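Since the structure comes first, as structure tokens, the remarks are kept for the end.
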Amino acid sequence: MIKEIVLGMLIGLSIFLVWIGYNVLPIFLLVLLGGLLYFTIFQKGLLGNFNANLYKPSGGISFEDIGGQDIAKNELKEALEFLIKSEKVKEMGIRPLKGILLTGPPGTGKTLLAKAAAAYTDSVFVATNGSEFIEMYAGVGAQRVRSIFKKARDLALAEKKNSSIIFIDEIDVLANKRGTHKSSHMEYDQTLNQLLVEMDGIRNDDKVRILVIAATNRADMLDPALLRPGRFDRQVKVDLPDKKGRLEILKLHTRNKPLDKDVDLEAIAGETFGFSGAHLESIANEAAILALRENRDKISQRHFREAVDKVMLGEKLNNKPSDEEIYRVAVHEAGHALASELIFPNSVSHVTITSRGNALGYTRHNPKDDSYLYTKEYLENQIQIFLAGSAAEQLLLGNKSTGATNDFQQAVNLSKQIIYSGLSDLGVISEEDLSKDVLHEEISRIIRVEEEKVKKLLNRNLHILKNMADQLRRNESIVAEEISQLINDSKCA
Ligand code: ATP
């Protein structure tokens, strides 16, 4: 109301001044400039008031909506007890828990955990990102840190809550080790100092208890001052999910989707070693999109299989290789698949010669369980499987192609793993003291031996290799059951 009266008076005054012949143009320009400055500084947040970047999560996320992170969830819940039982904490003279750091690879559910923590403790949730604090102008970041803490307190009071959680994603951007920034390091340091000051200022008897939850993929880059007791007291590791975790996440993301009877989420969980929760969510989503594209009412296992390929390797390509090239790719992939099946029965999920991303074809393996330790024999067998593609080309086509470049690189990496873990003929070695020539010699030896073995293996089963390549050329892909069939038929013949 007051705004409108003042505005009306100003307009009236301007008309009056014009009427008596006064030149109002300079005053008008001055007011315009002032308005613009006000808008840029306060409304756009150049000097710290960056309300636009704060958000409250919609649709409460709870810990039940997060799969495969039992350890992280339990550790986090344990830490949150300090916030829930604040009276008891005060009585016992325990200093308040001020910060929890979630560390782990991208897409593993760190943001989800922070949101669930807010719901679990009935707190206001204010989220931001490390990069939101960084501007070229000195003092802006520090002002923004003050602003977000104030915002968290004000929001809690407005919503009549006792606690507020501030979530800072990618905190490494703002809390890099001080003095490491090449440009504007004063600004970065001031911002971090302000965060430390705000955290140090959190008290047990504050009307609104504030807890800062930060997330990073690079805990090693954080300033040690941030990690000392009394600041980020707890570190919770949020790792890539294991097979059981992947199954839980797949179940969570398919609970609102119509699944066909043939869908075997356990098999998908088994095939997706190394995938994050975000990857798995994407698989469920892509499978539904594929079913929709085909006008199906239900999502079937085939859609899931294709979705895994898409998430792993990228969109299908439209390029059309020549017939000769298609047969070469079929022979190459049949080589990988047959070697894998003969060495580790039932290890191939499916093989295809459809181009995706950088791959002209690919063989997808189906690991029995997640493994983190390997024997020498296992690594040697894996080298054989990598070399089997080019060995098959040599056996059936009489020469090799550039299609095996990536396979060779993988074989070299595995050979290095054998050498560096002391499993090669060189015995236990010091990585730094090993000369390049000796390393090269040993890698070549390992690869020569394994190549010879896989050639012999494929040669003994040449007719299956040929049948598999022909079937691949005809049908573009083969699934596990068809591979077993091909091998069994040859035994009976
Ligand atoms: P970043 O480090 O890249 O910020 P993040 O660890 O914070 O990633 P989120 O943003 O929490 O990952 O997860 C992204 C999406 O992936 C979520 O919205 C959810 O759909 C899915 N997701 C990730 N992890 C899980 C999980 N453990 N359970 C269920 N869904 C998950």
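In this view, the solvent-accessible surface of Val197, computed with a 1.4 Å probe and all protein chains in place, comes to about 90 Å².
Of the peptides 346-354, 434-442, 167-175, 257-265, how do they stack up when ordered by the mean number of other Cβ atoms within 10 Å, highest first?
Details: 346-354: 21.1, 434-442: 12.2, 167-175: 23.2, 257-265: 14.8.
Top to bottom by mean Cβ count within 10 Å: 167-175, 346-354, 257-265, 434-442.
Label-to-label distance for Ala267 and Lys376 is 3.7 nm, based on points extended 7 Å past Cα in the beta-carbon direction. Using 21 Å as the Cα-Cα cut-off, could you pick out the over-long pairs in Lys73/Lys150; Lys244/Lys376; Lys85/Lys160; Lys160/Lys207; Lys85/Lys161; Lys77/Lys251? The pairs that break the limit, which is 21 Å between Cα atoms, are Lys73/Lys150; Lys244/Lys376; Lys77/Lys251.
Glu64: net charge of surrounding residues, Cβ under 14 Å, Lys/Arg +1, Asp/Glu -1, itself excluded?
On the way: positive: Lys73, Lys77, Lys115, Lys251, Arg255; negative: Asp65, Asp70, Glu248.
Computed value for this residue: +2.
A simple packing score, the average count of other Cβ atoms within 10 Å per residue, orders the peptides 389-396, 230-237 as 389-396, 230-237, with the highest score first.
In this view, the solvent-accessible surface of Tyr22, computed with a 1.4 Å probe and all protein chains in place, comes to about 130 Å².
Can you sort Leu13, Leu465 by solvent-accessible area, 1.4 Å probe, largest first?
Values: Leu13 95, Leu465 0 Å².
Descending accessible area places them as Leu13, Leu465.
What is the local net charge at Val428, summed over the other residues whose Cβ is closer than 14 Å to its Cβ (Lys, Arg +1; Asp, Glu -1)? Provide the component values of the computation, followed by the final result.
Working: positive: Lys376; negative: Asp425, Glu431, Glu432, Asp433, Glu442.
My count for the surroundings of Val428 gives -4.
Using the reciprocal of the averaged 1/r over all distinct C-alpha pairs, how large is the Kirkwood radius of the chain in Å?
On the way: mean 1/r = 0.0362 Å⁻¹.
The Cα-based Kirkwood calculation yields 27.6 Å.
Centroid-to-centroid, using Cα positions, the stretch 189-232 and the stretch 317-360 are 52 Å apart. Restricting the stretch 268-368 to GluC sites (Glu not before Pro) that sit in a DSSP loop and have at most 12 other Cβ atoms within 10 Å of their own Cβ leaves Glu294, Glu315. Between Gln409 and Asp239, the modelled labels are 2.8 nm apart [label points 7 Å from Cα along Cα→Cβ].
Short to long, the 5 Å bins of the Cα pair-distance histogram for the stretch 52-237 hold 1, 8, 18, 22, 21, 16, 9, 4, 1, 0 percent of all pairs. Using DSSP to call loops (not H, G, I, E or B), can you name the trypsin sites (Lys or Arg not before Pro) in the stretch 336-408 whose Cβ has at most 13 other Cβ atoms within 10 angstrom? Those that pass, being in a loop and sparsely packed, are Lys368.
Each 5 Å bin from zero up to the one holding the largest Cα-Cα distance in the stretch 243-313 carries the following percent of pairs: 3, 19, 34, 27, 12, 3, 0.
Mean residue ellipticity at 222 nm from the helices of the chain, using -39,500 (n - 2.57) per DSSP H segment of n ≥ 4 over the full residue count, to the nearest 500 deg cm²/dmol? Don't skip to the answer; put the middle values down first.
Details: 18 runs with 263 residues, N = 493.
Helix-only estimate at 222 nm: -17500 deg cm²/dmol.
The calculated Kirkwood hydrodynamic radius for the stretch 193-248 is 13.8 Å, given to one decimal from all distinct C-alpha pairs. Backbone geometry of the stretch 113-119 corresponds, through the Karplus equation with coefficients 6.51, -1.76 and 1.60 at θ = phi - 60°, to 3J(HN,Hα) couplings of 4, 5, 5, 5, 4, 5, 5 Hz, x marking Gly and Pro. Legend: calculated FRET efficiency, Lys251 to Lys456, from the Cβ-Cβ distance at R0 = 41 Å, rounded to 0.05, equals 0.40.
The values are calculated or read from the model by the stated rules, or taken from the named source; none is laboratory data. Just so you know, these numbers come straight off a predicted model, no measurement behind them. Glycine gets a Cβ as well: all are built from the backbone with ideal geometry, and neighbour counts include every protein chain shown. Please note that ligands, DNA and RNA were not included when accessible areas were found on the heavy atoms of the full protein model with its side chains. Shrake-Rupley method; radii C 1.70, N 1.55, O 1.52, S 1.80 Å.
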